[in-house]
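Let me begin by presenting the structure, written as structure tokens, before commenting on it.
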Amino acid sequence: MRSAFLLTVLIQNTGAYGLPVSQFAFGDTGLEIAVLYNALTQITGNTLGVVVASAGVAPFRQALCSLLKVPILYATILAILVWYCSLTVPRPLLQAVELCGRASVPLLLLLYGMQLAQLETDITYGSMALATSVQLVVSPLIALGLAWGLNMQGVTRALTVLA
């Protein structure tokens, strides 16, 4: 239950919902910033999230080792290496990645709907309400404080709070 609560509070859905809303509200500039923010939250969610989820059912060392089974960790390392070494990505590979990127939001929405249709839960509504309240009320207040502390302005500030 603790892991489920932490995952609900810490992991943000900035992709399937956040990207279209950011583009609608702030145009292409908003989408560009939201894509960067989404990439960072995906890396966090697919690393820290895996450890937190695994720690709910396994010892911490085993939960940490489960991180080595996550493909996004290796993709991130590869992307940083390609960027740092200024390597050229072959055009066919780049086109395939761009195509997947354009299809990702509609595909995610479809998959979320399929998962929700099969959802069976025995979680008490009190726990769910608390986690949702923290995510929808406390998180934006923290983001607003961080945006103020980092002196963010304009679209960047608004997207930080929105996401």
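A few points about this structure:
- Matching entry among Val70, Val97, Val105, Val82 (being surrounded by 13 or more Cβ atoms within 10 Å (Cβ to Cβ), aliphatic (A, V, I, L, M) and over 15 Å from Leu48 (Cα atoms)): Val105
- Test: residue in region 104-127 that is modelled with pLDDT of 90 or more and not in a helix (DSSP H, G or I): no
- The listed residue being more than 18 Å from the chain's Cα centre (by Cα) and over 25 Å from Ala55 (Cα atoms), out of Gly126, Gly145: Gly145
- Test result for Pro92, at pLDDT 85 or above, out of contact with any strand residue (DSSP E or B) (no Cβ under 6 Å at 6 or more places or on another chain) and either of a type in the set (Asp, Glu) or farther than 16 Å from Gln42 by Cα (or both): yes
- Pair list, Cβ < 7 Å and 6+ apart or interchain, from region 96-116 residues that are touching a residue at least 60 places away in the same chain (Cβ under 8 Å) to residues that are assigned to a helix (DSSP H, G or I): Val105/Leu19; Val105/Pro20
- Helices (runs of 4 or more DSSP H) lying entirely in region 1-88 (those with 1 or more residues that are of a type outside the set (Val, Ile, Thr) and closer than 29 Å to Ala129 by Cα): 2-10, 18-45, 48-55, 60-66
- Some residue of region 153-161 being free of Cβ contacts under 8 Å to residues at least 24 places away in the same chain, among the aliphatic types (A, V, I, L, M) and part of a helix (DSSP H, G or I): yes
- Positions within region 18-64 being loosely packed, with under 14 Cβ neighbours inside 10 Å and either under 15 Å from the mean Cα position of the chain (by Cα) or closer than 17 Å to Ile77 by Cβ (or both), in sequence order: Leu36, Leu40, Thr44
The values are calculated or read from the model by the stated rules, or taken from the named source; none is laboratory data. Note that this is a predicted model, so its numbers are computed, not measured. Glycine gets a Cβ as well: all are built from the backbone with ideal geometry, and neighbour counts include every protein chain shown.
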